[in-house]
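Quick one: this structure, given as structure tokens, is what I'll be asking you about.
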Amino acid sequence: MSVLVIGKFQGDTATFRQALADRAGEFAKYADMARAAGGIHHRFGVGDGFVIVVDEWESPAHFQQFFSDPELQAFIGSIGAAPAPPELIVAEAVASADQY
């Protein structure tokens, strides 16, 4: 049973967008680490003053272990996230006939 993890990070979206371009190698490194730790899918979205992360993980425990890494937390802060913890939603992923 996999889980969907949706995170909403308040912060500086201009800094985040610039980091996507300037620090692509670091993003790729964390993507590789996430896949090795049980990450299945990953996507970002940018809104007015926030970044949304939509992930699928093998389990909540796999996500928590990856997300609690101090190096990852420092990276998140350096790319524009506010110091406040993100809003996280974790839900069981279910299949449906309209899935695409």
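The values are calculated or read from the model by the stated rules, or taken from the named source; none is laboratory data. Since the model is a prediction, treat every value here as computed from it, not as a measurement. Cβ atoms come from the backbone with ideal geometry, glycine included; neighbour counts cover every protein chain shown.
Under 9 Å by Cβ, and 6 or more places apart or on different chains, what pairs join a residue from the stretch 73-97 that is closer than 26 Å to M1 by Cα and touching a residue at least 12 places away in the same chain (Cβ under 8 Å) with one that is among the aliphatic types (A, V, I, L, M) and surrounded by fewer than 15 Cβ atoms within 10 Å (Cβ to Cβ)?
E92/M1; A93/M1
Taking the conditions exactly as written (surrounded by fewer than 13 Cβ atoms within 10 Å (Cβ to Cβ), out of contact with any helix residue (DSSP H, G or I) (no Cβ under 8 Å at 6 or more places or on another chain) and at pLDDT 95 or above), does E71 satisfy them or not?
Judged against the criteria, E71 is a match.
Kindly provide the set of residues from the stretch 23-48 that are surrounded by 11 or more Cβ atoms within 10 Å (Cβ to Cβ), in contact (Cβ under 8 Å) with a residue 24 or more places away in the chain and either over 13 Å from the mean Cα position of the chain (by Cα) or closer than 15 Å to S2 by Cα (or both), ordered by number.
Passing the criteria: R23, E26, A34, A37, G38, G39, I40.
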